[in-house]
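Colleague: Please read through the structure below; I'll follow up with questions.
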DNA sequence: TTATATTGGTTAAACCTTTAACCAGAGGGT
DNA sequence: ACCCTCTGGTTAAAGGTTTAACCAATATAA
């Protein structure tokens, strides 16, 4: 894939210097109408396309944006359709600005840093970082524009975008409380409760849950935290937990993905949703409205999250001294069919 | 993001020429043990990382692989979680070889071509092309290694990877036939039947369907083709079609995504799956086993598809003259709970 | 002895752009 | 006449790397 036609060729064809052609291509410098026409014709005729590698080398930029994703195993992207939506949104805006997205899976810190340096990435979208893992410092060492997604970092100088997770948790719980539920379990990720701070998004949703409980004058019961992996399988197994907790009449799953599995698990036990167990999810995945019964859930727009993140990054790159701001996108409780009034009739 | 330490600095520190450092970095050329040690120490100490832009400019390659995806609107990636799996698999292998993936959304042909040329992409993964749209020719003009995914191109010189779509369609249909179903509808994409050739994957599955019908001595009835978008919504609306075709006792949906919507639609009409309608899907999405009833479907491994595609691409790039081969990955019919014996009792 | 490899390096050109510095000529003001 | 500015370019350096060509010294072979 050798570059067939280069600046030099166009220059010769139009009988001007290389610099002039470059100026025409970039719309910079001073060049008369007539020569511009001549150059443009030559470009058209020869089918010239600039060699971005050379340009980038010279200008010290790559027009590449890294999407830094957490990995389970090093080198293996977490299998979560969530990321595709994020990438799709980001790519859409990036492309409009002449940028492109590239995946950076965060394995070894060293490795990650080297990668960013070697590829000369112009900016980073970092997903799911917290203050409590030292990862934030990592990205601050290489000083390139960063936008943190779903990260809840304390430093006010940082650019961040997330949704109102806490409100989401609050709204979901409040909805269940309003229906008369008193013992509401929380299907949380597969993490020790004392490590919750490391998973900022979950922590926020959890806080919303607690807040709603507090307002209702109900006690917070750690025994109601179901700690299972955020996956369909994880959710499915939560049903077994439920079987041992007959006083629990509702579950708030912090992800739709787990809620789907849970719903299946509950039904496989022969129980009915929502008559015997009410269920609320989080995310509103593409098929969450098409389960039976349709899942009540807190909806967030992940594609939009990707879009906004890149827009912020662009601002950050334009005027370096920009007032770095934090954007909180709204969430919306979608009441569908998996929640209903708490009954006095026990599942026994 | 200026490159702080370059070859030059290392050379000075180790008291050798730039070329020698380059040789050490790349493991080429001839350099004695002792100097190698000295250079490596200098590299370590200064924290040198090669500037890939410069390297790539010199070597005429970018170590970037494009994933060419179809777009609905130009510049907008089709919102299909399918692509994430593909990308995840591809990225995994690519990274092992020092390559990275970049998205190329296929809008205007000109634009796409320019992009590949400008970014100097080393290879392309092209998804869902057919002989019948002139797109294949497009990629052949720029002669860079290509692997076609889900494409069914006739040219034997091309490298292709797909799954056994036809067998999948055959197995699904045969399964339904074995259960006694005679009127089996096909939930196909939102395309005119005379355009089916343009959607190779669907055509293959359709052929499998027909083959099974033929073998059973049953006629092919075009009236049984349900042409609705491949989406949850599309599937949902298929239920309305079903309401007008009471002789149909089973539906084979060519995608799980539509099958999920369809299942919801059927249940919303008050009918039961599988007692009144049997249902088979295609893909085995991550939650297909967790619907209620669990979806019977033809399973394919999309991540693996991405992996194999990149492996093929690497071979193609190593020995240019490689015997370009076509890899067909297996599919597997997973009989779960949405299919049962055809009953004589009508839905009326 | 002389011709010839081999070892361990160095020099310099090349990859294709961008861009600062320079320059010739024209026009205008005093 | 002089100085200054403006227009429309050109020249050349620089960006960081790879690599072919070269070279001095030592070892090997005839």
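Taken together, the values in this text are just the output of simple stated rules run on the coordinates, not laboratory data. The shown structure was predicted, so the numbers you read here are calculated from the model rather than taken from an experiment. FYI the Cβ positions are ideal-geometry reconstructions off the backbone, even for glycines, and counts take in every protein chain you see.
Colleague: Which order do the peptides B:22-28, B:181-187 come out in when sorted by mean C-beta neighbours inside 10 angstrom, highest first?
Modeller: The peptides rank, most packed first, as B:181-187, B:22-28.
Colleague: Hey, what's the per residue convex hull volume over the C-alpha atoms of the range B:254-323, in cubic angstrom?
Modeller: Considering the Cα atoms of the range B:254-323, their hull volume per residue is 85 Å³.
Colleague: Same structure again: Test of understanding: express the Cα radius of gyration of the range A:7-50 as a ratio to 2.2 N^0.38 Å, with N the residue count.
Modeller: Scaled against compact globular proteins, the figure is 0.95.
Colleague: Given the convex hull over the Cα atoms of the range A:44-152, what projected area results after averaging over all orientations, in nm²?
Modeller: Average of the hull's projected areas for the range A:44-152 equals 8.3 nm².
Colleague: Taking each label point as 7 Å beyond Cα in the direction of the beta carbon, state the distances from residue A:215 to the same residue in the other copies, shortest first, in nm.
Modeller: Between copies, matching label points for residue A:215 lie 6.1 nm apart.
Colleague: Just from the alpha-carbon atoms, what are the Rg and Dmax of the range B:165-301 in angstroms?
Modeller: Looking at the range B:165-301, its Cα Rg and Dmax stand at 13.3, 36 Å.
Colleague: Still on this structure, please answer the following. Over the whole of B:97-107, what's the average partner chain Cβ count within 10 Å per residue? Rounded to a whole number, please.
Modeller: Counting Cβ atoms of other protein chains within 10 Å of each residue's Cβ and averaging gives 3.
Colleague: Between copies, how far does the label point of residue A:111 sit from its twins, in nm, shortest first, when each point is 7 Å from Cα along Cα→Cβ?
Modeller: Sorted ascending, the copy-to-copy spacings read 3.6 nm.
Colleague: What does the highest-first list of B:53-60, B:196-203 look like by mean Cβ count within 10 Å?
Modeller: Packing order, densest peptide first, comes out as B:196-203, B:53-60.
Colleague: How many nanometers, to one decimal and shortest first, lie between the label point of residue A:180 and those of its other copies, if labels sit 7 Å from Cα toward Cβ?
Modeller: Here residue A:180 shows inter-copy label distances of 4.4 nm.
Colleague: Assuming R0 = 41 Å, what is the FRET efficiency of residue B:315 and residue B:221, from their Cβ-Cβ distance, to the nearest 0.05?
Modeller: The computed FRET efficiency comes out at 0.40.
Colleague: Say each of residue B:332 and residue A:335 gets a label point 7 Å from the Cα, pointing the same way as Cα to Cβ; how far apart are those two points in nm?
Modeller: Spacing of the two 7 Å Cα→Cβ label points: 4.4 nm.
Colleague: Right, another one. Please report the relative contact order for the range B:7-50, taking Cα pairs under 8 Å with a sequence separation of at least 6, and give it as a percent rounded to a whole number.
Modeller: This gives 43 percent for the range B:7-50.
Colleague: Continuing with this model, one more query. Send over the per residue convex hull volume for the protein assembly as shown, Cα only, as a whole number of Å³.
Modeller: Spread over its residues, the Cα hull of the protein assembly as shown gives 189 Å³ apiece.
Colleague: In a solvent-free Debye calculation with one equal scatterer on each Cα, what is log10 I(q)/I(0) for chain B at q = 0.13, 0.15 Å⁻¹, listed in the order of the q values?
Modeller: At q = 0.13, 0.15 Å⁻¹ the computed log10 ratios are -0.98, -1.19.
Colleague: Relative contact order for the range A:73-231: what percent, with Cα pairs under 8 Å and sequence separation of 6 or more?
Modeller: Relative CO of the range A:73-231 lands at 19 percent.
Colleague: Relative contact order of chain A: what whole-number percent is it, with Cα pairs under 8 angstrom and at least 6 residues apart?
Modeller: Worked out over chain A, it gives 17 percent.
Colleague: Right, something else. Would any residue of the range A:24-60 have its amide N under 14 Å from a label point 7 Å out along Cα→Cβ of residue A:12? List them or say none.
Modeller: Backbone N within reach: A:46.
Colleague: With runs of 4+ DSSP H residues as the only contributors, calculate the mean residue ellipticity of chain A at 222 nm using -39,500 (n - 2.57) per run, divided by the residue total and rounded to the nearest 500.
Modeller: Computed ellipticity for chain A at 222 nm equals -12500 deg cm²/dmol.
Colleague: What is the packing order of peptides B:130-136, B:216-222, taking the mean over residues of other C-beta atoms within 10 Å and listing the highest first?
Modeller: B:130-136, B:216-222
Colleague: Can you pull the mean other chain C-beta count within 10 Å for peptide B:59-68?
Modeller: Averaged over the peptide's residues, the number is 2.
Colleague: What does the average come to when, for each residue of peptide A:80-89, you count the partner chain Cβ atoms lying within 10 Å of its Cβ?
Modeller: Mean number of neighbouring Cβ atoms from other chains: 5.
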